[in-house]
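> Submitted below is the structure of interest, expressed as structure tokens.
The values are calculated or read from the model by the stated rules, or taken from the named source; none is laboratory data. The model shown is predicted, which means the values in this text are computed figures rather than measured ones. For neighbour counting, all protein chains shown are included, and Cβ atoms are generated from backbone atoms with ideal geometry for every residue, glycine included. The area values use the complete protein model at the heavy-atom level, side chains included, leaving out ligands, DNA and RNA. Shrake-Rupley method; radii C 1.70, N 1.55, O 1.52, S 1.80 Å.
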Amino acid sequence: VMARLGNVFNNKEDIKKEEQHPRRMIKWIHYTKLKENPGQYCPERDKEEIEALADLIEAAGEVIQNLSVSKLDTDEYRIIAGHKRCKACKLLVEERGLKQFSFLPCVVSNLSSVQEEFQVVASNGYHTKKAYELMHEILTTEKLLKEIEYIEKLQEVEEFDVEKSTGQGGGIYTLFCC
């Protein structure tokens with residue numbers, strides 16, 4: 001029986017209790033500190049798409065939806081969701097001189113690499129995709145499910161105590177399987 005994706009990629013046990021608070025804290029981050037995610041596979045179709053989004057953000061007076069990011073180092077963040085919003089704000093600041101769009105509302109997530117990669121795939125689920133993008137989603141999701149399964153098997157093996165199971169000494173039994 002296949003587990004629900006939410007149960008597989010949303011392991012709250014790995015996150016510290018204080019980070020589980022249901023209210024998300026918004027951090028305002030300068031657009032130059034937000035870095036593209038190499039796992040992003042749905043780029044903008046053309047410059048007009050970013051210009052249209054910039055027009056909407058300017059008309060609204062703000063970025064309505066927060067970006068999702070993960071911390072890279074002291075003052076840089078990798079975008080999980082919001083690549084086009086970041087590019088639109090960059091256009092507003094650099095091409096239209098609207099400095100009020102320099103800082104973007106972001107939710108900083110502390111995710112494993114597998115969870116982060118899944119969120120990139122999940123955040124691209126809303127728009128029409130090219131065949132390549134659909135195939136990328138299918139293959140990436142399949143790969144991530146296998147990685148999660150492998151990690152769970154390793155965790156089970158690490159908890160396996162040879163002495164308790166066999167009555168012989170040996171400490172923790174480590175197994176590497178294919």
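> So if each residue of separation counts as 0.36 nm, and I subtract the Cα-Cα distance between Leu139 and Glu62, what length gain in nm does that give? Before the final figure, lay out each step's value.
Working: separation 77, 0.36 × 77 = 27.72 nm, distance 3.57 nm.
Going from the current span to full extension adds 24.2 nm.
> Follow-up question, since we're still on this one. State which entries of Lys47/Lys130; Lys47/Lys71; Lys33/Lys143; Lys87/Lys129; Lys71/Lys129 exceed 23 angstrom in Cα-Cα distance in the structure shown.
Numbers: Lys47/Lys130 18 Å; Lys47/Lys71 28 Å; Lys33/Lys143 30 Å; Lys87/Lys129 20 Å; Lys71/Lys129 28 Å.
With Cα atoms farther than 23 Å apart: Lys47/Lys71; Lys33/Lys143; Lys71/Lys129.
> Looking only at Cα atoms, what is the convex hull volume of region 51-115 per residue, in Å³? Before the final figure, lay out each step's value.
Details: hull volume 5.6 nm³, N = 65.
Expressed per residue, the convex hull around the Cα atoms of region 51-115 is 86 Å³.
> I would also like to ask the following. How large is the accessible surface of Tyr41 in square angstrom, using a 1.4 angstrom probe and rounding to the nearest 10?
Solvent-accessible area, nearest 10 Å²: 10 Å².
> Less than 10 Å Cβ to Cβ from Cys42, Lys/Arg counted +1 and Asp/Glu -1: what total charge do the surrounding residues give?
Values: positive: Arg45, Lys84, Lys129, Lys130; negative: Glu44, Glu133, Glu137.
Cβ neighbours under 10 Å give a net charge of +1.
> To the nearest 10 Å², what's Arg96's accessible area with a 1.4 Å probe?
The accessible area comes out at roughly 90 Å².
> Next question. Could you pull out every residue, at least 5 positions away or on a different chain, whose amide H is within less than 5 Å of the one on Leu67? Hs are placed 1.01 Å off N in the peptide plane, and Pro or chain starts have none.
Residues meeting the criterion, in which the H sits 1.01 Å from N, are Cys106, Val107.
> How much accessible surface does Val108 have with a 1.4 Å probe, in Å² rounded to 10?
So the heavy atoms of Val108 present about 60 Å² to solvent.
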